[in-house]
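First the structure, in the form of structure tokens, and then the observations on it.
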Amino acid sequence: MKDDLSRNGLIPAGGRCCNWMACRSARDARCFKGPILRGLAGRGPYFHNGSAATLLDAVHFYDMRFELGLTDEQKADLAAFLRTL
Ligand code: HEM
């Protein structure tokens, strides 16, 4: 993972980044460049492999992967927000 991150162009020379999926450091979240979220509603399926068919599926992924504990209503609200971008 470190070797992959060292080639992503986001880490300053001599900088170090954790495997964020494992440690979730707020400082190291900067090491990842996420896609532009503008116009999301019209370009599903989501993620590089199309693994999330809908925005609700994408929100569900984050809820499960990072154990956010979102309620169904919160997930629906977040998906509704993402649809407005
Ligand atoms: C609840 C919080 C989050 C939401 C709702 C969210 C939402 C999304 C969505 C909808 C996509 C798909 C975009 C597309 O396919 O065009 C996406 C992709 C991505 N996000 Fe997030 N995101 C969240 C948190 C994060 C965090 C904390 C990071 C980095 C530490 C991150 C990094 C990424 C990356 C790298 C991708 C591309 C993944 C891929 O193509 O497989 N996201 N995000």
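Provide a single number: the residues in segment 38-70 that are at pLDDT 90 or above, in a helix (DSSP H, G or I) and of a type outside the set (Gly, Ala, Ser). Here the count works out to 10. Identify all residues within segment 71-85 that are within 14 Å of residue 38 (Cα to Cα) and part of a helix (DSSP H, G or I); write none if there are none. Passing the criteria: 79, 80, 81, 82, 83. Of all residue pairs spaced 6 or more apart or on separate chains, those with beta-carbon atoms under 6 Å, a first member in segment 49-74 that is without any contact (Cβ under 8 Å) to a residue 24 or more places away in the chain and a second member that is of a type in the set (D, E, K, R) and in a helix (DSSP H, G or I) are 59/75; 70/63.
Condition test on residue 35, is it at pLDDT 65 or above, assigned to a loop (DSSP other than H, G, I, E, B) and exposed (fewer than 12 other Cβ atoms within 10 Å of the Cβ)? Yes, satisfied.
The values are calculated or read from the model by the stated rules, or taken from the named source; none is laboratory data. Remember, predicted model here, so these are calculated numbers, not experimental data. Neighbour counts are summed over all protein chains in view; Cβ atoms, including those assigned to glycine, are modelled from backbone coordinates with ideal geometry.
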